[in-house]
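The values are calculated or read from the model by the stated rules, or taken from the named source; none is laboratory data. The structure presented is a predicted model; accordingly, all values stated were derived computationally and were not measured. Every residue, glycine as well, gets a Cβ built from its backbone with ideal geometry; the counts of neighbours run over all protein chains shown.
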Amino acid sequence: MTQLALVIDLNVCVGCHACVTSCKEWNTSGPAGSMCDDNPYGKDPTGTFFNRVQTYEVGEFPLTETVHFPKSCLHCEDPPCVPVCPTGASYKRESDGIVLVDYDKCIGCRYCSWACPYGAREIDEHQKVMKKCTLCVDRIYDEELPEEERKPACVLACPTSARLFGDVHDSESEISVAIREEGGYQLMPEWGTKPSNHYLPRRKIRKHIHKDELERADNPLNKEQRKPHGPIDAPTLDDSTSW
Amino acid sequence: MNPAFSVIFLTTLIGVGQGLFLALFTGQSYSAVKLLPAATSVEFYSIGGLIALLFLVGGLIASFFHLGHPERAWRAAAMWRTSWLSREVLALPAVMGLLFIYALMHYMEWDIVLFTSEAGAELSVSLIVGILGMLATFALFLCTGMIYACIKFLQEWHTPLTVINYTLLGTASGFVLATAFATYTAPGLLKFFGIWSIIITLTALITRVASLLRNRNIKYKSSAQTAIGVRHTKVKQIAMGMMGGSVNTRDFNHHMSALFFKSIKWVFLVLVFVVPSILIWAGIEEANRTLLFSAFIVQYIGLIAERWFFFAQANHPQNIYYQTV
């Protein structure tokens, strides 16, 4: 069984919103029609987005850290929004695990948005149907696109490669390895929704430089000059030690 | 949650209709086993059934205002295997259909006694239709309540008390209306319905207060920490990713002051339980129609406040993601 999903690396996300704009651009131009966008340059801009980048402050000033946090539908393995739908418009695909809404069947009762603890579903207030991230289902299978572009628009747009895309059920896929080795986790595990999208935590990368690493071991007299040449074929310290 | 008046009217109106039907059926079953004088008028059951049907139709019409695409509403019957909303969509017409047959049988006086016991208890066809109607009515209460009670992360709703309150509050309002209506067509049953109204109203008071007490000490499972998965005692949102708000900021908050929210609780406790009980008591003592109808109207207004509070009180975990612009 395939379960397509995103892995979002909070360690490298810089909060640039490129994934938000590319998502909106791709999906508002798609065959399902535009996503509403009222007063885009006015006082109270509002509209439907599949993806949002939020910002959190962790810790207490001055010891704080800013976490940029992109959030879209998590394509849960046990999606609570699907069984509550009275019409069957909301469904999870057997073939690849993407949770989708059939816009032609949706009656716009909003019950599924009540049943999503993540607030991932946003009703289109013009078309009056529920919308959410499709994982760019109209893009990832499009054989007219070059193979490396058959990825969600947000993944392609990310300038820091904070977004990875693949199959979480394939234990050797890029995203499974990232989840396994970089401490990937799910959001709100307390509700048993088993989100497919995972997040990679902040990881501190520190380089320790020891004092002896600042001094050349093969220069005991601290004389800065060109290294004296021995015989060309004689072994040197550089061959046998490394810093 | 942001209370939608379409849903408030849907749930309160069908509650009255279901309760009124239960009252009619209770009257008929008591007479069938000779606990009440049998000679209650035909109008009581037929016109009473018609009024109950009108309340159900009113609720149905109100529900359409909640839909983005009411013309596709018929599709909502499809997923009855998994969705309580879909089950409600099936149960509502079932109740309406049985109620229509029940009222029509009484109006046309089409009834056959199938069986009479030695003590004189009679089992008639209309009583069987009534039993089916009663089962459908309770099924409808169950569906309506479960729509809210089944969402486990709306912790204020995720309790059997939700179903019990929907059932008892709907039944109470229907019995109060039956009491007022009995002044026209069945004055002999005034005390019977009046006392039952007070009993059901006070039982509903106990269960509703129980749910208020439960929700007062609720411990939320989700927090900013579980929402973004950062294990630190201090996690604060500084931007929600948009400036003008969205469905997420509009649909999941009641947007009223804390004072207004708190006062609605006391308003409904007085209007649904205290005032109607006193009015019914006074009304059946004096057989005063005005008092009894005001009891119903006051209680119905109180139920609108109660339903508003029910929705407004539910705190959706998605709000954790939408704290600051």
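Miscellaneous remarks
- The range A:3-24 residues that are among the charged types (D, E, K, R), paired with ones that are surrounded by 19 or more Cβ atoms within 10 Å (Cβ to Cβ) (beta carbon under 7 Å, 6 or more apart): A:9/A:162; A:9/A:200; A:24/A:35; A:24/A:49
- Residue check for residue A:178: out of contact with any His (no Cβ under 9 Å at 6 or more places or on another chain) and either under 25 Å from residue A:13 (Cα atoms) or within 13 Å of chain B (Cβ to nearest Cβ) (or both): no
- Residue match in the range B:171-186 (condition: buried (at least 20 other Cβ atoms within 10 Å of the Cβ), part of a helix (DSSP H, G or I), free of Cβ contacts under 8 Å to residues at least 60 places away in the same chain and more than 14 Å from chain A (Cβ to nearest Cβ)): no
Residue by residue, here is whether (1) more than 13 Å from the chain's Cα centre (by Cα); (2) more than 14 Å from every other protein chain (Cβ to nearest Cβ) holds:
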{"residue": "A:120", "(1), (2)": "yes, no"}
{"residue": "A:126", "(1), (2)": "yes, no"}
{"residue": "A:141", "(1), (2)": "yes, yes"}
{"residue": "A:145", "(1), (2)": "yes, yes"}
{"residue": "A:158", "(1), (2)": "no, yes"}
{"residue": "A:182", "(1), (2)": "yes, no"}
{"residue": "A:193", "(1), (2)": "yes, no"}
{"residue": "A:201", "(1), (2)": "no, no"}
{"residue": "A:207", "(1), (2)": "yes, yes"}
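- Meets criteria (free of Cβ contacts under 8 Å to residues at least 12 places away in the same chain, in a loop (DSSP other than H, G, I, E, B) and more than 24 Å from residue B:237 (Cβ to Cβ)) for residue A:41: yes
Every residue, every condition in (1) buried (at least 20 other Cβ atoms within 10 Å of the Cβ); (2) over 32 Å from the mean Cα position of the chain (by Cα); (3) more than 14 Å from every other protein chain (Cβ to nearest Cβ); (4) under 26 Å from residue B:149 (Cβ atoms), yes or no:
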residue: B:231; (1), (2), (3), (4): no, yes, no, no
residue: B:236; (1), (2), (3), (4): no, yes, no, no
residue: B:248; (1), (2), (3), (4): yes, no, no, yes
residue: B:257; (1), (2), (3), (4): no, no, yes, no
residue: B:267; (1), (2), (3), (4): no, no, yes, yes
residue: B:273; (1), (2), (3), (4): yes, no, yes, yes
residue: B:296; (1), (2), (3), (4): yes, no, yes, no
residue: B:317; (1), (2), (3), (4): yes, no, no, yes
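- Some residue of the range B:244-259 being over 29 Å from residue A:131 (Cβ atoms) and in contact (Cβ under 8 Å) with a residue 40 or more places away in the chain: no
- Listing of helices (runs of 4 or more DSSP H) fully contained in the range A:154-243 that carry 1 or more residues being at pLDDT 75 or above and of a type outside the set (Ser, Thr, Tyr): A:174-182, A:211-214
- First in the range B:72-88 and at the interface with chain A (Cβ under 7 Å from one of its Cβ atoms), second anywhere and of a type in the set (Phe, Trp, Tyr) and outside any loop (DSSP other than H, G, I, E, B), Cβ under 6 Å, 6 or more apart: B:85/A:111
- Filter result (surrounded by 22 or more Cβ atoms within 10 Å (Cβ to Cβ) and away from chain A (no Cβ under 14 Å)) within the range B:137-160: B:137, B:140, B:141, B:145
- Matching residues, the range B:21-46, being of a type in the set (A, V, I, L, M, F, W, C) and crowded, with 18+ Cβ neighbours inside 10 Å: B:21, B:22, B:23, B:24, B:25, B:32, B:36, B:44
- When the residues of the range A:44-76 are filtered to those that are more than 8 Å from chain B (Cβ to nearest Cβ), assigned to a loop (DSSP other than H, G, I, E, B) and within 17 Å of the chain's Cα centre (by Cα), the one that is farthest from residue B:79 (Cα to Cα) is A:50.
- Residues in the range A:6-35 that are of a type in the set (Val, Ile, Thr) and within 14 Å of the chain's Cα centre (by Cα): A:7, A:8, A:12, A:14, A:20.
- Across the range B:217-229, the number of residues qualifying as more than 9 Å from chain A (Cβ to nearest Cβ) and either closer than 30 Å to residue A:36 by Cβ or among the β-branched types (Val, Ile, Thr) (or both) comes to 1.
- For residue B:99: the one exception among (1) of a type outside the set (Asp, Glu); (2) surrounded by 24 or more Cβ atoms within 10 Å (Cβ to Cβ); (3) within 14 Å of chain A (Cβ to nearest Cβ): (3)
- Yes/no for residue B:196 being assigned to a loop (DSSP other than H, G, I, E, B) and among the aromatic types (Phe, Trp, Tyr): no
- For the condition at the interface with another protein chain (Cβ under 8 Å from one of its Cβ atoms), touching a helix residue (DSSP H, G or I) at 6+ places or on another chain (Cβ under 7 Å) and more than 19 Å from residue B:247 (Cβ to Cβ), residue A:105 qualifies.
Residues checked against (1) over 30 Å from residue A:192 (Cβ atoms); (2) of a type in the set (Lys, Arg); (3) in contact (Cβ under 8 Å) with a residue 12 or more places away in the chain:
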| residue | (1), (2), (3) |
| --- | --- |
| B:231 | no, yes, no |
| B:241 | no, no, no |
| B:285 | yes, no, no |
| B:297 | yes, no, no |
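- Hits in the range B:63-87 - residues which are assigned to a helix (DSSP H, G or I) and of a type in the set (S, T, N, Q): B:63, B:86
- Test for residue B:227: is it within 30 Å of residue A:11 (Cβ to Cβ), at pLDDT 95 or above and small (Gly, Ala, Ser): yes
- Selection count, the range B:267-318, where residues are in contact with a Leu (Cβ under 7 Å, 6 or more places away or on another chain) and over 19 Å from residue B:202 (Cα atoms): 3
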